[in-house]
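Peer 1: One structure follows; several queries about it will come next.
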Amino acid sequence: MRSFAPVLTVVGAIMVIWYGAAVALNSSWAYDKAKRADVTLSFSEMVADTMAQKKPLLPAPHQVVAEIYKTTVLKKITSKRSLIWHGWVTLSATLLGFAMGTGFGILLAVGIVHSRAMDMSVMPWVITSQTIPILAVAPMIIVVLNAVGISGLLPKAFISMYLSFFPVVVGMVKGLRSPDAMQMDQMRTWSATQSTMLWKLRLPSSMPYLFPSLKIAMAASLVGAIVGELPTGAVAGLGARLLAGSYYGQTIQIWSALISAAVLAATLVALIGLIQNITLKRMGMLR
Amino acid sequence: MSWIIGALLFWAAMWLLNVQLSKRPQTRALSLLVPLIFGVTLLVLWEGMVRGFQISPILLPPPSAISVRFANSLPILWVDFVQTFVKGAMSGYIIGCGSAFLMAIAVNRSPFLQRGLLPVGNFVAALPIVGMAPILVMWFGFDWQSKAAVVVVMVFFPMLVNTVEGLKASDHMQRDLMQTYGASYWQGLMKLSLPAAMPFIFNGLKICSTLALIGAIVAEFFGSPIKGMGFRISTEVGRLSLDMVWAEITVAALAGSAFYGVVALIEKRVTFWHPSQRG
Amino acid sequence: MSKEVIIETKGLDLTFETNDGPVHALKDINLTVEKGDFISFIGPSGCGKTTLLRVIADLETPTGGTVSVNGVSAHEARMARAYGYVFQAAGLYPWRTIGGNIKLPLEIMGYSKDGQEERVSKVLELVELAGFEQKFPWQLSGGMQQRASIARALAFDADILLMDEPFGALDEIVRDHLNEQLLALWARTHKTICFVTHSIPEAVFLSTKIVVMSPRPGRIADVIESTLPKERPLEIRDSKEFIEIAHRVRDGLIEGHSNG
């Protein structure tokens, strides 16, 4: 709560800058129009025009909000022009990819923690894999998979998975190794097996590490799904809306897709935060 | 069939070798050799599977074909590399990280602004910023300037958040110590806050190094002159010459890893004192 | 013969506002420290001994009363770099060598390059760390790190040394050794030292004057002048006189506690 006022101030400042930039960027088009119509614009008329153009260089925030309202509340969910429908297409790919990435990441982390050979051979490549700009070649993967008949949800989910497994591996390796030597020795005095140690000690103590990784993984997964939608001929999903908007210069549509993606990301991350709070409270790890 | 069996046998043999090697006392050479063997094994497995199952080169070309294509089209690859990496990614990276750093220094004196910027910055850093690419291409044109702009927007907030976080990293006692010397604000910043922030700053720089290349390539999908890695990838995909696409991916992978490696190396030099670097 | 007064507090009061209501950390502290004194503040945790030291150092601002250091306010004294401060932990910067750490205050205070070098080697000799100038703090033991932090406080020309439980985190053998060294250093440099501790033997062994404090609210319970000679070998701790003073300190602590 302490940071409520500061956050509000910063968001307010961003809004002011946004409106200012909208006026500055859109004014030349407003003057152009006026020149062709042989009228002179007063300053206030010019400002009013920059707020209400059809294809502005930078739409004003309230135009974006109006567009989002129009395409969510006023459209039927099944309609192809409904932002909720497009959002759902993206969300389903995101969630599937996230689930696969998390599962794969945890398995890999368990393997790395238990096998020295795996740690030494795989771990460097896991890190290297992230320096490869896979996101940039994601569209290619989609197109190629399409060419051999795999289309729809799965290709996008694969890209999401590739992006989301990394933070989980790194976080879980750290987490599974977080029990200290004394706790491990204690387990050994009870002659616990490796799997008992994993379930009773390593996994519970890794929870505080898991959730922050999940948040990063979720955000990455959404980015993957959106980029994965770019080349599919602009059919469905928030990414498709972005691409269609850029083809036809529909800036308001681009921004509304962007903002929806932002809201989606924030909601998903907040949801994980909520689960994190409940879980850690139950496990007595939250003060 | 023999290709598949051969590849699998090779895999098994190399894995056993790695298990043996990893039991030895760890040395520098060994910690390079083991992942190297693993990487080679993956390549052999790839080659073997593609040949054994006779996978169409349109779907997945074997590594041998990719390396031949790579060697034959070095001039094109170089032109693309300069356009995308040097002009687009690097200039955007320097401008973006630099301005985020200056911004962090500017808000450092105001705890109020810091408390406001951190949550907002963290939020923006988690957003699919690449989506801004079509807008920025519209604003800055098709050439590398728009790619640099995308990179600036992508790297700004991760860098800002890390630097702000880092400038707060010095502990209470060390700040009290500065007070007992009657040190000025700028002396405290230069002698204490900035050095203590270095591990965080480099963390940001490392994250941004991978983002920069992604941003520059993705931005080219929304319009570019007839050169550049993103342009090449999207047109060669259209012509189904996948070996060229993979050659371009190899360049991207090499450039990305090298870039990350250079930043990590500088980090090792600068933050040699940090527990994570002392090993 | 009256000596020069270095530190003087009159009716000092300090109340912290916390989430659980106000905490009365210091109440009506009247204290005089003369030149060349070795003063110990001793008391249970929460008695305000560290807070008092921080007020003298102008790291906390009192809510009532006055503090003067060298005849001026605590703030002016801090700006004039009147004292060196040693914290409970060494707090050396890991990115600077031992020599670099000791140079830190000298750089801030604008000493010349040659002057810096000269002082570094001088104080390193004082704390018996000569030859470790190029080492990094994390390559040294805890006791050596603490000695380096003392050297850092000695490097510039401050006549006052404020020490906040400097040996609290060290084991007893190292601690005994450092206590002996500190006494030798005090005898050689004629500094005025204020020393916070929670160890009775340490306070008695080191001090010319022991200030016994008690908690809730933090206040002075007793001030004991030591009758021990200036020359103190470790064996002095078995002498009758030493044990008597230690008893008085303990009595003061118990009394302060039962009144609290």
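Peer 1: Using 7 Å Cα-to-Cβ label points, what is the B:Leu30/A:Ser178 separation (nm, one decimal)?
Peer 2: So the two model labels end up 3.0 nm from each other.
Peer 1: I'd like the Karplus ³J(HN,Hα) series for the stretch B:179-193: coefficients 6.51, -1.76, 1.60, θ = phi - 60°, whole numbers in Hz, and an x wherever there's a Gly or Pro.
Peer 2: 4, 5, 7, x, 6, 6, 4, 5, 4, x, 5, 6, 8, 10, 4
Peer 1: Accessible area of the stretch B:2-55 with a 1.4 Å probe: how many percent of it is carbon plus sulfur? Please list the in-between numbers first.
Peer 2: On the way: 2570 of 3520 Å².
Roughly 73 percent, rounded to a whole number.
Peer 1: I'd like the Kirkwood hydrodynamic radius of the stretch A:4-58, using the inverse of the mean 1/r over distinct C-alpha pairs, in Å.
Peer 2: Across the stretch A:4-58, the inverse of the average 1/r is 12.2 Å.
Peer 1: Please work out the C-alpha center-to-center distance from the stretch A:71-107 to the stretch B:54-82 and express it in whole Å.
Peer 2: What the calculation gives is 35 Å, centre to centre.
Peer 1: Continuing with the same structure: Kindly compute the accessible surface that chains B and A hide from a 1.4 Å probe when together, both sides summed, and give it to the nearest 100 Å².
Peer 2: Values: alone 15880 and 16390 Å², together 28010 Å².
For B against A, buried area totals roughly 4300 Å².
Peer 1: A further question on this structure: In whole Å, how far is the Cα centre of the stretch C:21-40 from that of the stretch A:215-287?
Peer 2: Using only Cα atoms, the two centres lie 59 Å from each other.
Peer 1: How about C:Lys191: which aspartates and glutamates have a C-alpha closer than 14 Å to its C-alpha, ignoring those fewer than 8 places off in the same chain?
Peer 2: In chain and number order, the partners are C:Glu4, C:Glu34, C:Asp37, C:Asp157, C:Asp159.
Peer 1: DSSP beta bridges in the stretch C:144-259, what fraction antiparallel, as a percent rounded to 5? Write out the running numbers ahead of the final one.
Peer 2: Details: 6 of 11 bridges.
Antiparallel: roughly 55 percent of the beta bridges in the stretch C:144-259.
Peer 1: Residues of the stretch B:16-30 with accessible area at least 30 Å² lower in the all-protein-chain context than alone (1.4 Å probe)?
Peer 2: The answer is B:Ser22, B:Gln26 - residues whose exposure falls by at least 30 Å² when every protein chain is included.
Peer 1: Which residues of the stretch A:138-178 bury at least 40 Å² of accessible area once all protein chains are present, versus their chain alone (1.4 Å probe)?
Peer 2: When all protein chains are present, A:Met140, A:Val144 each give up 40 Å² or more of accessible surface.
Peer 1: Hey, another quick one. When only Cα pairs under 8 Å and 6 or more residues apart are kept, what is the percent relative contact order across the stretch A:4-58?
Peer 2: Values: 26 pairs, mean separation 23.4, N = 55.
Relative contact order for the stretch A:4-58 comes out at 43 percent.
Peer 1: Next question, about the same structure. At 7 Å along Cα-to-Cβ for each site, give me the label-to-label distance between A:Leu107 and C:Asp13 in nm.
Peer 2: 7.0
Peer 1: Follow-up question, since we're still on this one. What are the semi-axes of the equivalent ellipsoid of the stretch A:35-110, taken as the square roots of 5 times the eigenvalues of the Cα gyration tensor, listed largest first and rounded to whole Å? Write out the running numbers ahead of the final one.
Peer 2: Numbers: eigenvalues 395, 58, 16 Å².
The answer is 44, 17, 9 Å, longest axis first.
Peer 1: Have a look at the stretch A:262-287 and report residues whose accessible surface goes down by 10 Å² or more when the remaining protein chains are included, against the chain on its own, probe 1.4 Å, ligands and DNA/RNA excluded.
Peer 2: Residues meeting the cut-off: A:Ala262, A:Ala265, A:Ala266.
Peer 1: What value, in deg cm²/dmol to 500, does the helix sum -39500 (n - 2.57) over DSSP H runs of n ≥ 4 give at 222 nm once divided by the residues of chain B?
Peer 2: Working: 14 runs with 212 residues, N = 279.
Calculated mean residue ellipticity at 222 nm is -25000 deg cm²/dmol.
Peer 1: In square angstrom, what is the accessible area per residue of chain C with a 1.4 angstrom probe?
Peer 2: Values: 11640 Å² over 260 residues.
The answer is 45 Å² per residue.
Peer 1: Oh, and also: If packing is taken as the average count of other Cβ atoms within 10 Å, what order do C:36-44, C:231-239, B:149-157 fall into, highest mean first?
Peer 2: On the way: C:36-44: 22.8, C:231-239: 11.6, B:149-157: 25.9.
Highest mean packing first, the order is B:149-157, C:36-44, C:231-239.
Peer 1: What does a probe at B:Phe140 reach in the stretch B:86-126, counting residues whose amide N is under 19 Å from the point 7 Å along Cα→Cβ?
Peer 2: Answer for this model: B:86-103, B:125.
Peer 1: For chain C, with the dipole built from +1 on Lys and Arg beta-carbon atoms and -1 on Asp and Glu ones, taken about the Cα centre, which of C:Cys194, C:Gly43, C:Ala80 lies farthest toward the positive end?
Peer 2: So the residue we want is C:Ala80.
Peer 1: Next question, about the same structure. Treating only the Cβ of Lys, Arg, Asp and Glu as charged (+1, +1, -1, -1), what charge dipole size does the protein assembly as shown show about its Cα centre? Round to the nearest 20 debye.
Peer 2: On the way: 70 positive and 56 negative charges, 570 e Å.
Its charge dipole is roughly 2740 debye.
Peer 1: Sticking with this one: Using +1 at the Cβ of each Lys and Arg and -1 at the Cβ of each Asp and Glu in the protein assembly as shown, identify which of B:Leu17, B:Pro195, B:Met173 lies farthest towards the dipole's positive end.
Peer 2: After comparing all options, I get B:Leu17.
Peer 1: Next question, about the same structure. In terms of Cα to Cα distance under 17 Å, which lysines are near enough to C:Lys10, apart from those fewer than 8 places away along the same chain?
Peer 2: Result set, ordered by chain and number: C:Lys27, C:Lys49.
Peer 1: Once the other residues with Cβ under 14 Å from the Cβ of C:Asp238 are scored (Lys, Arg +1; Asp, Glu -1), what is the net sum?
Peer 2: Working: positive: C:Arg232, C:Arg237, C:Lys240; negative: C:Asp176, C:Glu235, C:Glu241, C:Glu244.
Surrounding charge for C:Asp238 is -1.
Peer 1: Something else now. Quick check: the distance between the Cα centres of the stretch C:87-122 and the stretch C:173-220, to the nearest angstrom?
Peer 2: The stretch C:87-122 and the stretch C:173-220 have Cα centres spaced 25 Å from each other.
Peer 1: Same structure again: Can you pick out the pairs among A:Lys55/A:Lys76; B:Lys191/C:Lys103; A:Lys174/B:Lys206; A:Lys33/B:Lys147; B:Lys206/C:Lys103 whose Cα atoms lie more than 23 Å from each other? If you can, show how the numbers build up before the last one.
Peer 2: On the way: A:Lys55/A:Lys76 25 Å; B:Lys191/C:Lys103 11 Å; A:Lys174/B:Lys206 19 Å; A:Lys33/B:Lys147 30 Å; B:Lys206/C:Lys103 32 Å.
Flagged as over cut-off: A:Lys55/A:Lys76; A:Lys33/B:Lys147; B:Lys206/C:Lys103.
Peer 1: Among DSSP bridges having both ends in the protein assembly as shown, what percentage is antiparallel? Round to the nearest 5.
Peer 2: Working: 23 of 41 bridges.
In the protein assembly as shown, approximately 55 percent of DSSP beta bridges are antiparallel ones.
Peer 1: Also: About the Cα centre of the stretch B:70-278, what is the dipole size in debye to 20, counting +1 per Lys and Arg Cβ and -1 per Asp and Glu Cβ, all else neutral?
Peer 2: Details: 14 positive and 10 negative charges, 99 e Å.
The calculation lands at about 480 debye.
Peer 1: Computing the accessible area with a 1.4 Å probe over protein heavy atoms, can you report the carbon and sulfur percentage for chain A? Show your work: numbers first, answer last.
Peer 2: Values: 9820 of 14240 Å².
In chain A, the share of accessible area belonging to carbon and sulfur is 69 percent.
Peer 1: How much of the DSSP beta bridge set in chain C is antiparallel, as a percent to the nearest 5? Display every interim value, and only then the final one.
Peer 2: Working: 23 of 41 bridges.
Bridges in chain C are about 55 percent antiparallel.
Peer 1: If you don't mind, there's one more thing I want to ask. With label points built 7 Å along Cα→Cβ from the Cα atoms of A:Val39 and B:Arg51, find their separation and express it in nm.
Peer 2: 7.5
Peer 1: While we're looking at this one, here's another question. Grab the other residues whose beta carbon is less than 13 angstrom from that of B:Ala212, score K and R as +1, D and E as -1, and report the net. Walk me through the numbers on the way to the answer.
Peer 2: Values: positive: B:Lys87, B:Lys147, B:Lys206; negative: none.
Value of the local net charge: +3.
The values are calculated or read from the model by the stated rules, or taken from the named source; none is laboratory data. Because the structure is a prediction, the values reported are computed rather than measured. All Cβ positions, even for glycine, are placed from backbone atoms using ideal geometry, and neighbour counts span all protein chains on display. In case anyone asks, the SASA skips ligands and DNA or RNA and just uses the protein heavy atoms, side chains included. Shrake-Rupley method; radii C 1.70, N 1.55, O 1.52, S 1.80 Å.
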